[in-house]
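Asker: Quick one: structure below, then a few questions.
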Amino acid sequence: MASRTAADRTRDEFYTAFVKSLFENASTLLMGVLSQASIIALVYGRTGHPVYGVLLTALIGIGLIRFTVIRYYANHSATLTVELARKRELIYVISGALHGACLGAFTLISIYLVQDEFAEIASISVALATAISIPGRNYGSAWSVMVLLASVVLPISVGLILRGDIFHFVLGVFTLPIFLATRVFAMSVRGVLLKALTEQRKSTSLALRFDKALNTMTHGLVMIDANERVVVINQQALGLFSARSVDQMIGRSFSALLGRGVAAGLLDRRDARFISQQLSRAIREGRNRKVLIKLNDDRYFELSAREGDDELSVITFEDVSARIASQEKIRYMARFDSLTGLANRGHFQELVNEALANNNPERNCAVLVLDLDDFKSVNDTLGHP
């Protein structure tokens, strides 16, 4: 149920975005209306037929109304809901249908009523040029595409068929596929854009998830390319190297990243060089490698290099200070007595064996044995040192 709700929400967002696209670039609409009006005026001047004067007036009036409506809605589309988008789409389709009806009437009158050669050529040219532009401007509304194409293209076929002779009739029938082909093309454009928006949404969602996972992990992480340039770095790694922003480190070499640690006083230059050499060699050889380092603030970090896919390698920085401290504590407890702080018998034997192994004839060695009275009860209670 939740996934269906999310899908519906995504579909609504795409729908409102498509409707918004209908009310963009009002200037191109105005240029088209002026061009169409100029051609009708030219035909009117040639033929002198009064119907062209009526069409010219109607086209200019409808064109200005469409331009005003588009400009108004373009400036008031910040909070466009689905219900409001449907109303605006309906207004756009109706105004577009009136515009298309003027152009369709221009074609039908020129072909069937006036039958002037220049008027026919001019009207058909305007109709076809407009039909070509319809998919590019109106892909956001399937209804708008269908209505505009029908009002602009179909009158060509109707006018030719009504001429009555076989040649005009056949020509009118063959003109019908223009309507169908242009409509299919418009739907194809809409489908391509819808697919692109869907893929973009998926990519954005995936990127947000990756970013969230990257910056909520406890380890520092750096991804480098084949040239050992940083392509991904998370906030933990930024903090370790005293960098202020991700953009500041993207594109820099891994050695430069370690250099920031040296500049911040966290690493010695010799340690930075050793880390860079060891991890770079491991990445080039395609094997995993771990390097334990001690920072100048007494923290311990374990750097792990792993070769990834697509020539990307991953280097992680894990703070192992607590683990090292625990290991040191266990090591100390295994070698020294907790009460006296003296070496226990096992560690004392190791020290004696080491001293004997490094025996120097010219060096004197003595062993002092102290006997503490009544210490047996302490040994029996707390253990023998």
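The values are calculated or read from the model by the stated rules, or taken from the named source; none is laboratory data. Source: prediction; values computed, not measured. Glycine gets a Cβ as well: all are built from the backbone with ideal geometry, and neighbour counts include every protein chain shown.
Asker: Taking residue 251 and the conditions (1) without any contact (Cβ under 8 Å) to a residue 40 or more places away in the chain; (2) closer than 30 Å to residue 146 by Cα; (3) under 21 Å from the mean Cα position of the chain (by Cα), which numbered condition does it fall short on, given that it satisfies the others?
Answerer: So residue 251 meets the others, but not (2).
Asker: Can you confirm whether region 322-333 contains a residue that is within 30 Å of residue 226 (Cα to Cα) and either out of contact with any Asp or Glu (no Cβ under 7 Å at 6 or more places or on another chain) or assigned to a loop (DSSP other than H, G, I, E, B) (or both)?
Answerer: no
Asker: Can you list residue pairs whose Cβ atoms sit under 6 Å apart, with the first residue in region 115-138 being farther than 15 Å from residue 160 by Cα and the second being surrounded by 13 or more Cβ atoms within 10 Å (Cβ to Cβ) and among the aromatic types (Phe, Trp, Tyr)? Count only pairs 6 or more apart in sequence or on different chains.
Answerer: 135/185
Asker: Follow-up question, since we're still on this one. Cβ contacts < 7 Å: first residue outside the structural domain of residue 294 (by TED's automatic domain parsing) and surrounded by fewer than 18 Cβ atoms within 10 Å (Cβ to Cβ), restricted to region 269-281; second residue at pLDDT 85 or above and not basic (Lys, Arg), any location; separation 6+ or different chain. Result?
Answerer: Hits for this filter: zero, empty list.
Asker: Tell me whether region 73-83 contains one or more residues that are among the acidic types (Asp, Glu), in contact (Cβ under 8 Å) with a residue 40 or more places away in the chain, part of a helix (DSSP H, G or I) and closer than 30 Å to residue 13 by Cα.
Answerer: no
Asker: Continuing with the same structure: Of the conditions (1) exposed (fewer than 14 other Cβ atoms within 10 Å of the Cβ); (2) more than 22 Å from residue 236 (Cα to Cα); (3) modelled with pLDDT under 80; (4) not aliphatic (A, V, I, L, M), residue 308 clears all except one; give me its number.
Answerer: (2) is the only condition that residue 308 fails.
Asker: Just need a number here: residues in region 209-237 that are of a type outside the set (Gly, Ala, Ser) and modelled with pLDDT of 80 or more.
Answerer: 16
Asker: So which of 19, 51 ends up being assigned by TED's automatic domain parsing to the domain that holds residue 89, in a helix (DSSP H, G or I), surrounded by fewer than 17 Cβ atoms within 10 Å (Cβ to Cβ) and among the aliphatic types (A, V, I, L, M)?
Answerer: None of the other options fit; the residue is 51.
Asker: Condition check: modelled with pLDDT of 80 or more and surrounded by fewer than 10 Cβ atoms within 10 Å (Cβ to Cβ). Does residue 374 satisfy that?
Answerer: For residue 374, the condition - modelled with pLDDT of 80 or more and surrounded by fewer than 10 Cβ atoms within 10 Å (Cβ to Cβ) - is not met.
Asker: For residue 319, work out the one condition from (1) among the charged types (D, E, K, R); (2) buried (at least 17 other Cβ atoms within 10 Å of the Cβ); (3) not assigned by TED's automatic domain parsing to the domain that holds residue 253 it doesn't fulfil.
Answerer: Status for residue 319: all satisfied but (3).
Asker: I would also like to ask the following. Looking only at region 282-297, filter to residues that are in a loop (DSSP other than H, G, I, E, B), charged (D, E, K, R) and touching a residue at least 12 places away in the same chain (Cβ under 8 Å); which one of those is farthest from residue 325 (Cα to Cα)?
Answerer: Restricting to residues being in a loop (DSSP other than H, G, I, E, B), charged (D, E, K, R) and touching a residue at least 12 places away in the same chain (Cβ under 8 Å), the top hit is 287.
Asker: Specify the residue that is surrounded by the most Cβ atoms within 10 Å (Cβ to Cβ); the eligible residues are those in region 80-126 that are over 18 Å from residue 158 (Cβ atoms) and out of contact with any helix residue (DSSP H, G or I) (no Cβ under 9 Å at 6 or more places or on another chain).
Answerer: Ranking the candidates gives 87 first.
Asker: Let me ask something else about it. Scan region 282-305 for residues that are of a type in the set (A, V, I, L, M) and surrounded by fewer than 17 Cβ atoms within 10 Å (Cβ to Cβ) and report the count.
Answerer: Residues in region 282-305 being of a type in the set (A, V, I, L, M) and surrounded by fewer than 17 Cβ atoms within 10 Å (Cβ to Cβ): 1 in total.
Asker: Six or more apart or on different chains, Cβ under 6 Å: which pairs go from a residue in region 30-49 that's over 17 Å from residue 152 (Cβ atoms) to one that's among the hydroxyl-bearing types (Ser, Thr, Tyr)? Could you list them?
Answerer: 44/52
Asker: Let me ask something additional. Please enumerate the residues belonging to region 199-253 that are of a type in the set (Val, Ile, Thr), surrounded by 12 or more Cβ atoms within 10 Å (Cβ to Cβ) and in contact with a helix residue (DSSP H, G or I) (Cβ under 8 Å, 6 or more places away or on another chain).
Answerer: 222, 224, 230, 232, 233, 246
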